[in-house]
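Taking it in order: structure first as structure tokens, then the write-up.
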Amino acid sequence: MAERRTGPLRVAVLAMGWTGFNEAASRHLAARGVDLLIAAPRATPDTAFDDRLHEYAKTFIYEGRPDPADLTAAVEAFAPDAVLVHSWHLPYYRQVLKGLPAGTLRVLWMDNVWRNRPKQWLGRAVAPVWVRSLFDCVMVPSDRTEFFARRLGFGEGEVIRGSLSADSDLFGADPVAADDIAARRRFVACLRLVHHKGADILAEAYARYREQTDDPWDLDVVGIGPLENAFSGLPRVTLHGFLQPPAVAELMGRASCLVVPSREEPYGVVLHEGALSGLPIISTYFVGAAPFFVQDGQNGWVVPRADAGALATAMARMSAQPADDLAAMSAISRRLSARISSPGWARNVHEQLEWRTAALRAEGRS
């Protein structure tokens, strides 16, 4: 029989990394009275997000791979009511899950989408033992991820939806006047400069865009990576390197359009950040958040991935928009961004975990 617990809900998060939007959402969760333990690897200095976790959460920050015994001991000492896990395959996180007492809610927090790949088919084949034996339910950000989760064996009632939100306190913007957004004349792209993020496609597309446009906009690029040289020699490109979220928000506040060129992006919180900032958006189809925050012809366009020509054409089309049309796109982005927020995320997660832990304990007593 599971022992009835009293006091605030206690939630442990076993993360594969930590970002500014994770920080914002979790801070709102803590503000609701939830006790938090966050386990995560220490970020590298050149991509480390500022955080103040020690102000509102207990932490277990590790280098490389954590000692499984130390991690398990930290979680056991915290005695969580629920554990949220970013991945099902890390052995040290699996060990923690296997040692949890009865009545502890175990939640898989995933954002991957079904790509019909051999590895995914293998995962589906072993899911009854490898996944479902460890998790009671799953958190997903989009219908695309839910489709994958359902193929792993999670039922309709075992899905917590809306699992990711941008920092709506930081990126939220007031309405943008037509003259203002038109006068900015800048595209902004925030991405790691690597192949699957489409950094090379963006560079090629911007070069083509400049060739086919008489009065082109500038391009701000936020991020670092091995494909930085793809932008070498391109005029009117500013490489900002890695920036903390407040600096990214400020840069978006000076742009006219967000460009997301990813070949593959399971979700892409940056789309939400751009929409919150009131930016028209150009995104590839393989960004999971595109159906939430980009409506073709209303606040931007979705283009095929790895198609520099299509991306260049969309950029040219965007920079040719009259000021009033850019302002109308901006207003639609702001409305779409209101679908989810950091406080709304915290409220939903808090409520979901409370009733699901209560149901799990009641089931154990029956």
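For the reader, a short list of remarks on this structure follows.
- Here Pro280 fulfils each of the conditions (1) closer than 21 Å to Asp111 by Cα; (2) in contact with a Cys (Cβ under 6 Å, 6 or more places away or on another chain) apart from (1).
- Only residues that are more than 25 Å from Ile160 (Cβ to Cβ) and not in a helix (DSSP H, G or I) were counted in segment 55-82, giving 7.
- Among the residues of segment 332-357, just one is assigned to a helix (DSSP H, G or I), exposed (fewer than 15 other Cβ atoms within 10 Å of the Cβ) and not charged (D, E, K, R), namely Trp355.
- As a summary of the residue check, Glu156 satisfies the conditions (1) at pLDDT 95 or above; (2) in the same structural domain as Pro304 (by TED's automatic domain parsing) except for the one numbered (2).
- Some residue of segment 184-195 being among the basic types (Lys, Arg), assigned by TED's automatic domain parsing to the domain that holds Gly268, within 21 Å of His272 (Cβ to Cβ) and touching a strand residue (DSSP E or B) at 6+ places or on another chain (Cβ under 8 Å): yes
- Pairs where the first residue, in segment 331-349, is free of Cβ contacts under 8 Å to residues at least 12 places away in the same chain and the second is outside any loop (DSSP other than H, G, I, E, B), C-beta under 7 Å, 6+ apart: none
Per-residue answers, yes or no, for (1) touching a residue at least 40 places away in the same chain (Cβ under 8 Å); (2) of a type in the set (Asp, Glu); (3) over 17 Å from Val194 (Cβ atoms):
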| site | (1), (2), (3) |
| --- | --- |
| Val237 | no, no, yes |
| Met252 | yes, no, yes |
| Val260 | yes, no, no |
| Gly268 | no, no, no |
| Gly274 | yes, no, yes |
| Ser283 | no, no, yes |
| Phe293 | yes, no, yes |
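- Of all the numbered requirements in (1) buried (at least 21 other Cβ atoms within 10 Å of the Cβ); (2) outside the structural domain of Pro66 (by TED's automatic domain parsing); (3) not basic (Lys, Arg); (4) not in a helix (DSSP H, G or I), Asp174 misses one, and that requirement is (1).
- Qualifying residue in segment 314-323 (condition: more than 21 Å from the chain's Cα centre (by Cα), part of a helix (DSSP H, G or I), surrounded by fewer than 16 Cβ atoms within 10 Å (Cβ to Cβ) and of a type in the set (Lys, Arg)): yes
- Output for segment 116-139, where each listed residue is among the β-branched types (Val, Ile, Thr) and in contact with a Leu (Cβ under 9 Å, 6 or more places away or on another chain): Val131, Val138
- Selection from segment 248-277 of residues that are closer than 23 Å to Val237 by Cβ and out of contact with any strand residue (DSSP E or B) (no Cβ under 9 Å at 6 or more places or on another chain): Ala249, Glu250, Gly253
- Residue that is surrounded by the most Cβ atoms within 10 Å (Cβ to Cβ) [pool: residues in segment 1-16 that are modelled with pLDDT of 90 or more and part of a loop (DSSP other than H, G, I, E, B)]: Leu9
- Residues that are in a helix (DSSP H, G or I), under 18 Å from Gly288 (Cβ atoms), touching a residue at least 12 places away in the same chain (Cβ under 8 Å) and not polar (S, T, N, Q), drawn from segment 119-163: Gly123, Asp143, Arg144, Glu146, Phe147, Phe148, Ala149, Arg151
The values are calculated or read from the model by the stated rules, or taken from the named source; none is laboratory data. Every value quoted in this text rests on a predicted model; they were computed, and no experiment measured them. For neighbour counting, all protein chains shown are included, and Cβ atoms are generated from backbone atoms with ideal geometry for every residue, glycine included.
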